[in-house]
Amino acid sequence: MVVFSQVVDEGGISLAAKKLNVSKSVVSQQLKALENELGVTLILRNTRSQKLTTAGERFYEHCTSLNNIVTTAWDEARERQGLLLGKISVSSPNALIEPVVAPALGKLVEKHVGITPTLLGDDQRVGIINKGIHVAIRVGDMPNSEYKQRKIGEFRDVLCASPAYVAKYAIDQATLLSQKGEEIKVNYIANSWQGSHITHLMSSKKKGKSVKLKFSANRMCNSLPAVIEMACAGCGFAYIPNFTFNEYRLAGKLIEVMPDYLGEIAPVYAVHAYVGKMPNIAKVTIDAIQQQMANLTSC
């Protein structure tokens, strides 16, 4: 069952064999023996591709649950000996990987050398169980789900642009406010998950009054670093996390275009699918990411 779920996760026998550190023939024999024992075909496969049958899809769900139980059992046995050993897979939005999650995991591994982390960058909310993810870091309000969630921090986004872009087009806060909810005709650099029609709700730092700013993105990127570099190069407006913006503000590369207004709060959650007691390795991982988040946003 472990071999079968590995074949599904890796997308083929060869990759599963490499992951399990065994020969392809061993994986093929195990898979054939399993199908013979069950009396059903689990995977339809040829030399180029594979596809789960209906029975295979259902059986895979049970195998994944079983793998999680086995992993938890191993973790708990190790914890009783005071050992933090084993694998931890963490999914995170790309914007948080460099400043938050990667440094947190680095410090954790330095302290506990027996931990083997895997960090996956993905701006989509991928399935935790199907992808074998132990902890998922997610930004934004969380809908009710079967997953457990813990808030580990928050930040605000900053509407910004390069000083040269603002000077060239003579754009300031008063200009943007004068649009009064109409779409603002400026160049806007968007991350792919934002879409092309964008509205930001910003609140006055002094009066608390809110205003809506509407934009149409005409520059698209698929990562935050790309958005930032384009903004620094004078390609238009960008909406980026405040802890990232501060670095470029101090370097004189970016400035706030709405200095008297605050962007919306973006909560950050750690999400997991553990039932009952969470393995200690997952708990210390979440704690480390939360601490890094606190260090970053307090600067």
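Scan segment 86-103 residue by residue and report those that are more than 13 Å from ALA282 (Cβ to Cβ) and of a type in the set (A, V, I, L, M). If the condition is that a residue be more than 13 Å from ALA282 (Cβ to Cβ) and of a type in the set (A, V, I, L, M), then ALA95, LEU96, ILE97, VAL100, VAL101, ALA102 are the ones that fit.
If you filter segment 179-206 down to residues that are touching a residue at least 24 places away in the same chain (Cβ under 8 Å) and among the small types (Gly, Ala, Ser), you find that the one that is surrounded by the fewest Cβ atoms within 10 Å (Cβ to Cβ) is GLY181. Set side by side, the residues LEU176, LEU159 differ, and just one is modelled with pLDDT under 95 and either exposed (fewer than 14 other Cβ atoms within 10 Å of the Cβ) or outside any loop (DSSP other than H, G, I, E, B) (or both), which is LEU176. The condition of being modelled with pLDDT under 95 and surrounded by 15 or more Cβ atoms within 10 Å (Cβ to Cβ) does not hold for ILE255.
Looking at GLU76, GLU37, GLU57, just one residue is in a helix (DSSP H, G or I), at pLDDT 85 or above, under 30 Å from the mean Cα position of the chain (by Cα) and of a type outside the set (S, T, N, Q), and that residue is GLU57. Annotation: of all residues in segment 25-76 being in contact with a helix residue (DSSP H, G or I) (Cβ under 7 Å, 6 or more places away or on another chain) and polar (S, T, N, Q), the one that is surrounded by the fewest Cβ atoms within 10 Å (Cβ to Cβ) is THR41. Summed over segment 246-286, residues that are in contact with a helix residue (DSSP H, G or I) (Cβ under 9 Å, 6 or more places away or on another chain), part of a helix (DSSP H, G or I), of a type outside the set (S, T, N, Q) and within 23 Å of ASP141 (Cα to Cα) total 1.
The values are calculated or read from the model by the stated rules, or taken from the named source; none is laboratory data. Quantities reported herein were computed from a predicted structural model and do not represent experimental measurements. Positions of Cβ are generated from backbone atoms using ideal geometry, with glycine treated the same way; all protein chains shown enter the neighbour counts.
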